[in-house]
Every structure is written in C-alpha cells, then in structure tokens.
Amino acid sequence: MYPEIGAILVGLIFLVWSADKFVIGAAATARHLGMSQMLVGLTIVSIGTSAPEMFVSAMASIDGAGNLAIGNAIGSNITNIALVLGITALVAPIPLQKGLLKKELPLLMMITLLAGVILIDLELNLVDALILIAALVFALFLMFQQSSDSGESVIDEDEAAEIESTPTGKAVFWLVVGLITLMASSKALVWGATGIATAFGVSDLVIGLTIIAIGTSLPELAASVASALKGHHDIAIGNVIGSNIFNLLAVMPIPGILAVTAVEPMALYRDYIVMAGATFALLLFFVICYRRGTLGRIPGIILTAGYLGYMFTLFLANQA
C-alpha cells in the first residue's frame, strides 16, 4: 500500500511541476517559430492548463482504466466550480467579468449538454471522441474571433513576459523535459491510484472523481486562493470556465480515441448530473450577482458545502 501512496504523492508533485514547464516550453517554442501571442495563449497556454488531466487520462486509458479518465474529466469540472471557486469566494469576493455571461458561460453550458448527449448511450468510442474534438476546434475558433474583435489579452502579463524572455534552446529543453516528466508522473499517479482502488474495492471512476480530480485541480486552487489574498483574482471565473471547456473537449475524448470504453452508469446518472448542476448553479449565481459585480461569500459557502456533500455521497456509495 505504501508504494502506491508514495507513487500518488510523487506523481502529483511532478505532474504539477512538469505541466508548468511543458506549457512555458511549448509556448515559447511556438512564439520563436512565429506564432502570435494571442494564438499561443488560446491554444497552447489554454489547453496546457488541462495538461495534467490529459496525460493522466491517456495513461489511464492505455492501462485499461478508461472510467478513471472519464471520472477525471467530470470530477475536475465539479472540483473547479464547487471547490476552487467556492473556497476562493470564501477568501474574498470574486469580481465578475460581465462579458463571460454573454460568451463563455453559454458556451460551457452548450458543451456540458453535448457531453451528456455523448455519454447517454454509456459508451465512449472514436466517433464520440471526434465529435468532441470537432467541438474543441469550433470553440477555439469562437474564442480567437472574440479575442481578436475585443483586443483582449488571453494570457496575463507575467506569463506573457516569461514566454517572450525564454530563449529558443531553453524553451526546447523545457518542452522535452516537461513532456517526459508529464508522461512518467502520470504513469506513476495512475499506477498508484488503480492500486489503491483495487485494495479498497473502489471503482476506477470514483478514484478519478476524487483523488485524481482533486490532485490535478490543486494548481488552480492554489493559484486562485493566492491571487485572492493579493487582490488579483478577477480572472478566477474565466480560468475555471476555460479549464472546464477543455476538460470536456480535450480530456474526455482521450479514452474514446484509444479504445471503445464502456461508461459506468453512475458516471452519467450521478456524476454528470452533479457537474451539469454545478455549471448551471454558476450561471445562476452569475445572473443573481450580476448587478453587485462580485461573487460573494454566500455563493462560496453554497458551492463549498455542495462539494463536501457530493464527496460524502461518494463515500456512502462506496460503503454500500
């Protein structure tokens, strides 16, 4: 049991570290090859925030644990909304970007509904994966068009400065090292998680929804809380919405690409419904708090309590 626990802890630490290095290396390399900063932000940097989930899902699918990968995508979305935003709102009210109500939030709702349609037959296959990837391309096109029209920056100033200042040789080095470490740490994390699941009689789905989802969402939680404490957390909701879009369109298709995956019924009838409910709750809170301009502590309490309640439900289901 101890080797499996150690593999999870070491895997999570290196997963978070290598994802950051991989994104910076890939983004800086793309910039040196002539890609615009906006396009780098919308593709490499945005999708890169889901790099831990993507690599863990790929390794899980290769190891025959496709439901762990599906649980990772759904669980990360639940964690991002209910835990990350909930705790951040408890630390300090989150300023609402009002443009999100017209663009990204409706897009996330539509993508969430699409994911439900994909899962309704309790199977994830190559056709399903291609539909989700096509939706990803369309979503990227919409985001690029909207960012071009508005002239908005798609990456923050510090990240942009780091990308611009990284020399080509260093960028390629971190791209390669980050990629190799991502693969190795993902493999270790999946091995440890599936080992614990087997030992305790827990399904791969539940492991994906809990240990893996929380672990891969820790960077977002740490960054959001740290920014809230500094008073620079106005992009927290935008980051969560973007990450959730990529989790459904870039992470969830991976099991279907590698093999036909039979989806556990509870992934649809329990976990997908919770994810859709959390997404709708975020939209509802946004509308209610629109005039005030901030997502305050009461929504934060409701979201965090909802997450704890969901975790308790998973615990009871495993005891049954």
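Evaluate the following for Ile211: is it of a type in the set (Val, Ile, Thr) and surrounded by 22 or more Cβ atoms within 10 Å (Cβ to Cβ)? Yes; evaluated as a whole, the condition is true for this residue.
Of the helices (runs of 4 or more DSSP H) lying entirely inside the stretch 203-259, those carrying at least 2 residues that are within 24 Å of Ala69 (Cβ to Cβ) and modelled with pLDDT of 90 or more are 204-207, 236-246, 253-258. Per the listing Ala222, Ala184, Ala199, the residue uniquely without any contact (Cβ under 8 Å) to a residue 60 or more places away in the chain, on the phi < 0 side of the Ramachandran plot and surrounded by fewer than 18 Cβ atoms within 10 Å (Cβ to Cβ) is Ala222. Per this entry, Ile47 is not counted among residues that are among the hydrophobic types (A, V, I, L, M, F, W, C), surrounded by fewer than 24 Cβ atoms within 10 Å (Cβ to Cβ) and at pLDDT 85 or above.
Evaluated against (1) assigned to a helix (DSSP H, G or I); (2) basic (Lys, Arg); (3) out of contact with any helix residue (DSSP H, G or I) (no Cβ under 9 Å at 6 or more places or on another chain), Arg291 falls short on exactly one condition, (1). Among the residues here, Tyr269 does not qualify as in a helix (DSSP H, G or I) and closer than 16 Å to Thr210 by Cβ.
Taken together, the residues in the stretch 275-303 that are under 27 Å from Ser203 (Cβ atoms), surrounded by fewer than 18 Cβ atoms within 10 Å (Cβ to Cβ) and either without any contact (Cβ under 8 Å) to a residue 24 or more places away in the chain or not small (Gly, Ala, Ser) (or both) amount to 2.
Which one is nearest to Ile214 (Cα to Cα), of the residues in the stretch 275-312 that are among the hydroxyl-bearing types (Ser, Thr, Tyr) and over 22 Å from the mean Cα position of the chain (by Cα)? Once the filter is applied, the top-ranked residue is Thr294.
For Phe246, indicate whether it is among the aromatic types (Phe, Trp, Tyr), touching a residue at least 60 places away in the same chain (Cβ under 8 Å) and out of contact with any strand residue (DSSP E or B) (no Cβ under 7 Å at 6 or more places or on another chain). So Phe246 fits the description; yes.
The number of residues in the stretch 265-303 that are charged (D, E, K, R), over 25 Å from Ile47 (Cβ atoms) and modelled with pLDDT of 95 or more comes to 1. Scanning the stretch 50-90 for residues that are buried (at least 24 other Cβ atoms within 10 Å of the Cβ) and part of a loop (DSSP other than H, G, I, E, B) turns up Ser50, Ala65. Listed conditions (1) surrounded by fewer than 17 Cβ atoms within 10 Å (Cβ to Cβ); (2) at pLDDT below 75; (3) under 22 Å from the mean Cα position of the chain (by Cα) are all met by Ser148, apart from (3).
Would you check if Ile44 is free of Cβ contacts under 8 Å to residues at least 60 places away in the same chain, touching a helix residue (DSSP H, G or I) at 6+ places or on another chain (Cβ under 8 Å) and over 30 Å from Ser203 (Cα atoms)? So Ile44 passes the test. Is it fair to say Asp121 is part of a loop (DSSP other than H, G, I, E, B) and modelled with pLDDT of 95 or more? Yes: the conditions hold for Asp121. Residue-level check: of (1) touching a strand residue (DSSP E or B) at 6+ places or on another chain (Cβ under 9 Å); (2) at pLDDT 90 or above; (3) surrounded by fewer than 22 Cβ atoms within 10 Å (Cβ to Cβ), Val176 misses just (1).
Conditions (1) more than 26 Å from Leu119 (Cα to Cα); (2) under 16 Å from the mean Cα position of the chain (by Cα); (3) modelled with pLDDT of 95 or more; (4) basic (Lys, Arg), marked per residue:
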{"site": "Ile62", "(1), (2), (3), (4)": "no, no, no, no"}
{"site": "Asn77", "(1), (2), (3), (4)": "no, yes, yes, no"}
{"site": "Ala82", "(1), (2), (3), (4)": "no, yes, yes, no"}
{"site": "Ile94", "(1), (2), (3), (4)": "yes, no, no, no"}
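The values are calculated or read from the model by the stated rules, or taken from the named source; none is laboratory data. From a predicted model like this one, the values you see are computed outputs, not experimental measurements. Positions of Cβ are backbone-derived with ideal geometry, glycine not excepted, and every protein chain shown enters the neighbour counts.
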